[in-house]
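Following: one structure in C-alpha cells, then a few remarks.
Just so you know, all these numbers are worked out from the coordinates, no wet-lab data involved. On a predicted model such as this, the values are computed, not experimentally measured, just so you know. So basically every Cβ, Gly included, is an ideal-geometry build from the backbone, and we count neighbours across all protein chains shown.
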Amino acid sequence: METNGRSGNELLVVEDVKKYFPITRGIIFQKEIAAVKAVDGVSFSINPGETLGIVGESGCGKSTLARCIMKLLETSGGRITFEGRDITKLSRAAMRPIRREMTMIFQDPYASLNPRKRVGFIIGEPLEVHGLGTAAEIKTRVQELLDVVGLNPEHYNRFPHEFSGGQRQRIGVARALAVNPKLIVCDEPVSALDVSVQAQILNLLKDLQDDFGLTYVFIAHDLNVVRHISDRVMVMYLGKVAEVASRDTLYKEPKHPYTGALLSAVPIANPELGRQREPIVLEGDVPSPVNPPSACNFHPRCPRFVEGHCDVEDPPLYSFGNGHVAACHYALERWPMSADEMRRPGSKTAEKALPA
Amino acid sequence: MALLEVNDLRTYFQTDDGIVKAVDGVSFSVEKGQTLGIVGESGSGKSVSCLTIMGLNAKRGTMTTGEALWKGENLIGMKDRALREIRGNDISMIFQDPMTSLNPVHTIGRQLVEAVQLHRDVTKRVARARSLELLKAVGIPRAETRIDDYPHQFSGGMRQRVMIAMALINDPDVLIADEPTTALDVTTQAQILSLMKRLQEDFGSAIIIITHDLGVVAEIADDVFVMYAANVVEQANVYDLFNRPRHPYTWGLMGSLPRLDADVERLTQIPGQPPSLLRPPAGCRFHPRCPYVMEVCKTTVPELVPTQRDPNHLQRCHLDEETKDREAAKIVAQTLAQAQAG
C-alpha cells in the first residue's frame with residue numbers, strides 16, 4: 001500500500017522492508033523453527049534536506065531498520081531505493097560508492113570509536129577507504145572537520161579516552177561528515193549523554209544540516225528530542241509503522257492510541273501542568289516479536305480494542321491528509337484524551353499480553 | 001524531628017591522580033511521607049551521597065566526614081553489624097540498573113525471601129507469603145508462578161518492579177531510588193512512577209529519588225536539590241524551583257531541555273563540560289560555564305543561602321536578585337510554552 005504520493009525526487013524510499021532473524025534448532029542440519037520479526041513491512045520516504053524522526057520503545061525494530069537502510073544487514077524482503085537506484089540487491093563492491101553518500105552516527109560514543117586509534121585516523125579512515133586525497137590532504141580535511149564539530153584541530157593526535165562523552169560524540173559526527181554524505185542515519189546519537197551536553201550535540205546537528213544541506217534519519221526513544229529535531233516523525237511498534245505525520249501534527253493530533261499513550265507518558269518539566277494530567281498507563285510489556293499478537297499487534301494493550309475486529313483484521317495505514325497516516329481502525333477523534341475517554345464504549349482491553 | 005537528617009556530608013576518594021571530592025558538604029533532611037528529588041548530571045555526586053549514607057562505598061581509599069542522623073543515630077562510621085540492621089530494613093535502596101542488580105543464578109523468590117529472613121525471624125513459608133504479597137502489590141502478573149522464575153525471564157520493567165518489591169518488603173521508612181527509571185522506556189517509566197506514588201500513599205515511606213531528568217522530578221518530588229560538581233547549588237520546593245529558579249545552572253538545565261514551540265530553533269546549551277572533581281575550579285564551581293560570570297565568582301566561593309523572598313529556597317550564587325528575576329522569568333516562559341504545547 002502506498003503511504004503517500006511520490007514526488008519523484010525523494011532521497012530515500014523504503015518499501016515494505018522486512019527483516020526476520022531466524023531461530024534455528026540443530027547443530028549440523030539447522031532447521032528454522034521460528035523467526036524474530038524485527039522489522040515487518042515498513043514503508044516510508046525522505047525528501048532531500050528533511051529530518052525523519054523514528055520513535056519507539058526498545059525492541060520495536062528501529063535500530064534494525066537503520067541497519068537495513070545502511071545495508072549493514074541484508075533485508076528479508078522489500079525494497080530500498082536511494083536516489084532512484086534500487087540498492088537492495090547490490091553487492092558489497094557495487095555498494096561501496098554509495099557508502100560515500102550515506103553514513104551513520106552510532107548510539108554509544110564509548111563503544112563506537114576504536115580505543116587504540118588516534119582521532120585523526122578515526123575521522124580520516126573513511127576518506128582513505130574511498131581514496132579521497134593524499135595523506136596531507138586528508139590531514140587538512142580532518143583538522144577542518146574537527147573545527148566544524150567544535151573540537152580543537154590540535155587534538156588530532158589524541159586517543160578517544162582523552163575526550164569526554166560529548167566530545168566523543170562530536171568525533172562520531174565528524175567521522176560521519178568526512179565523506180560529504182547526503183544522508184546521515186543517527187541511531188540514538190544523544191541518549192548516552194547528559195542533558196546539557198545533549199543540547200550541544202542537537203544544536204550541532206541542526207547547524208550542520210543548515211550548512212551542508214544534510215538529510216537525517218534520526219532514531220531516538222526520547223519524544224522530546226525527536227520533536228525538537230524532526231520535520232516528520234514515524235512511530236514504530238513491534239516492527240511495524242503505527243503512525244507517520246509531520247512533527248506538529250503528530251504531537252498535536254495523534255491518531256494512533258499508541259502514539260497517544262507515548263505522548264502522555266513523557267514527564268512534563270512543570271509541576272503544575274504535569275500533575276494535572278492523568279497519564280495513559282499502558283498495561284503490560286511489549287509482546288515478543290517472535291510471536292506477535294494477531295492482526296493489529298497493539299491490540300492486547302490497546303484501550304480502544306474491539307474484539308472481533310482489531311484481533312482479526314490487520315489495520316492498513318489510514319490516511320488523515322497531508323501525509324498523516326495511522327494504522328488503527330479506531331483512530332483518536334481528538335487530543336488530549338484521558339484514559340477513560342480513550343476507551344471505546346463496550347470495548348475492553350484484551351487479556352494482558354504476558355511474556356511466555 | 002526529621003526522619004533522616006544529613007549534615008555537611010563529605011566523601012573524598014583517594015585515587016592515583018589525587019583526591020576526588022565526590023561529595024563536598026551536602027546537607028538535607030527528609031520527613032515521613034515526603035519525596036525528595038536530587039537532580040544533577042553524571043558526576044555531580046548525587047549517587048555517591050546516597051551510597052555514603054547507606055555505607056556502601058568501598059572502605060579503602062574513602063574518606064567520609066559529616067553526619068547522617070537516623071533517629072538520632074549517626075550512620076556515618078557506624079559498625080557494619082549495626083548498619084546491616086538498618087540497611088534494607090529501615091532504609092532501603094533501589095538501584096539504577098535493573099538488569100544487573102539482581103542475582104542471575106537465584107530465583108527472584110529466593111532473593112526476596114532472603115531479604116525478609118535477614119531482618120525478620122520468620123519461617124520460609126511466611127517470608128514467601130510476604131514476597132508474594134509484594135510482587136502482587138507492584139503489579140507483577142501471575143505472581144504465584146513468576147515468583148519461581150529467574151531474573152532473565154523478566155523484562156526490564158518487570159525486573160525494576162521486583163527491585164521495588166525487594167526494597168519495600170520490610171516496610172522501610174526511607175526508600176532511596178537511584179535513577180529508578182533511567183534504563184526504562186517512557187511507557188514503563190510512567191508505570192513505575194505511578195507505582196511509586198501509589199506505594200508511598202499506601203506505605204507512607206519517605207522517598208529520596210535521584211535523577212537527571214527534570215521531568216521526573218517535576219512529576220514526583222515535593223522538594224528538590226540541584227547538585228553540580230559535588231555541591232548543592234539550589235534547593236527549593238518543587239513549585240518554587242520550576243517557577244522561580246535562582247541559579248544559572250538550573251536555568252541551563254531547564255533551557256537545554258528540547259521544547260515544543262517551533263520558534264525556538266536552538267536549545268540554550270551550557271557551554272563546556274562539567275569540571276573534574278580532582279581539581280575543581282576556584283570560586284564558584286560553575287563559573288567557567290556560567291554566562292553571567294563576574295570577577296567575584298572566580299575568587300570567592302558563594303555560600304548556600306536563602307533567597308530574599310523565601311527562607312526555604314536556598315541558592316549558591318553571587319548574582320543580584322534583579323538579574324535573577326529577569327533571567328528566571330525568561331526561562332520559565334520558555335518551559336511553560338513547551339509544557340502547554342504538549
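Summary table
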| item | result |
| --- | --- |
| Alpha-carbon gyration tensor eigenvalues x 5, square-rooted, for chain A, Å | 37, 24, 19 |
| C-alpha center-to-center spacing [the range B:220-298, the range B:35-55] in angstrom | 17 Å |
| Contact order normalised by residue count of chain A, Cα under 8 Å, 6+ apart, percent | 18 percent |
| Estimated vicinal HN-Hα couplings, Hz - the range A:29-39 in sequence order (Karplus 6.51, -1.76, 1.60; Gly, Pro = x) | 8, 6, 10, 7, 9, 6, 9, 8, 8, 5, 10 |
| In degrees, nearest ten, helix B:108-119 long axis to first principal axis of chain B (Cα) | 80 degrees |
| Per-bin percent of Cα-Cα distances, the range B:229-341 [5 Å] | 2, 11, 21, 24, 19, 13, 7, 2, 0 |
| Ellipsoid equivalent to the range B:1-116 - semi-axes via the Cα gyration tensor, in Å | 24, 20, 15 |
| Loop-located trypsin sites (Lys or Arg not before Pro) in the range A:293-340 whose Cβ has at most 15 other Cβ within 10 Å (DSSP) | A:334 |
| Beta bridge orientation in the range B:4-225: antiparallel %, DSSP, nearest 5 | 55 percent |
| Interatomic Cα distance distribution for the range A:165-272, bins of 10 angstrom, percent | 13, 42, 32, 12, 0 |
| Relative contact order of chain B, pairs being alpha-carbon contacts under 8 Å that are 6 or more residues apart, as % | 19 percent |
| Average beta carbon contacts from partner chains per residue of A:195-208, 10 Å cutoff | 6 |
| Shielding score for B:180-190, defined as the mean number of other chain Cβ atoms within 10 Å | 6 |
| Selection of chymotrypsin sites (Phe, Trp or Tyr not before Pro), the range A:168-265, meeting DSSP coil and at most 10 other Cβ within 10 Å | none |
| Sequence ranges B:40-51, A:285-296, ranked by mean other-Cβ count within 10 angstrom, highest first | B:40-51, A:285-296 |
| Sparse-neighbourhood loop sites, chymotrypsin sites (Phe, Trp or Tyr not before Pro) in the range A:1-106 - DSSP loop, at most 14 other Cβ within 10 angstrom | A:29 |
| Rg over Rh [alpha-carbon atoms, Kirkwood Rh] for the range B:127-205 | 0.94 |
| Between helix B:156-168 and chain B: long-axis angle, C-alpha atoms, 0 to 90°, nearest 10 | 80 degrees |
| Under-5 Å amide H pairs with residue B:35, H placed in peptide plane, nonlocal only | B:207, B:222, B:223 |
| Counting DSSP beta bridges with both ends in the protein assembly as shown, the antiparallel % (nearest 5) | 60 percent |
| Label-point gap, in nm, between residue B:118 and residue A:207 - each point 7 angstrom along Cα→Cβ | 5.0 nm |
| Assigned charges on the beta-carbon of Lys, Arg, Asp, Glu; the protein assembly as shown dipole about Cα centre (debye) | 1780 debye |
| Extent along principal axes [Cα atoms of the range B:22-77; Å; largest to smallest] | 35, 30, 17 |
| The protein assembly as shown: C-alpha gyration tensor shape, a/c 1.5 cut-off, then a/b vs b/c | oblate |
| Convex hull of chain B built on C-alpha atoms - directionally averaged projected area, nm² | 18.8 nm² |
| Alpha carbon Rg of the range B:131-280, scaled by the compact-globule rule 2.2 N^0.38 Å | 1.25 |
| Fraction in percent of alpha-carbon pairs per bin - 5 Å, the range A:158-209 | 4, 19, 32, 25, 15, 5, 0 |
| Average beta-carbon neighbours from other chains, 10 Å sphere, peptide A:277-283 | 4 |
| Principal axes of the range A:1-116: Cα extent on each, largest first, Å | 48, 46, 34 |
| Student exercise, chain A dipole from Lys, Arg, Asp, Glu Cβ charges, in Debye to nearest 20 | 860 debye |
| Given A:182/A:206; A:117/A:139; B:32/B:136; A:139/A:182, the pairs whose alpha carbons are separated by over 18 Å | B:32/B:136; A:139/A:182 |
| Cα-based helix-to-principal-axis angle, A:135-148 vs chain A, degrees rounded to 10 | 50 degrees |
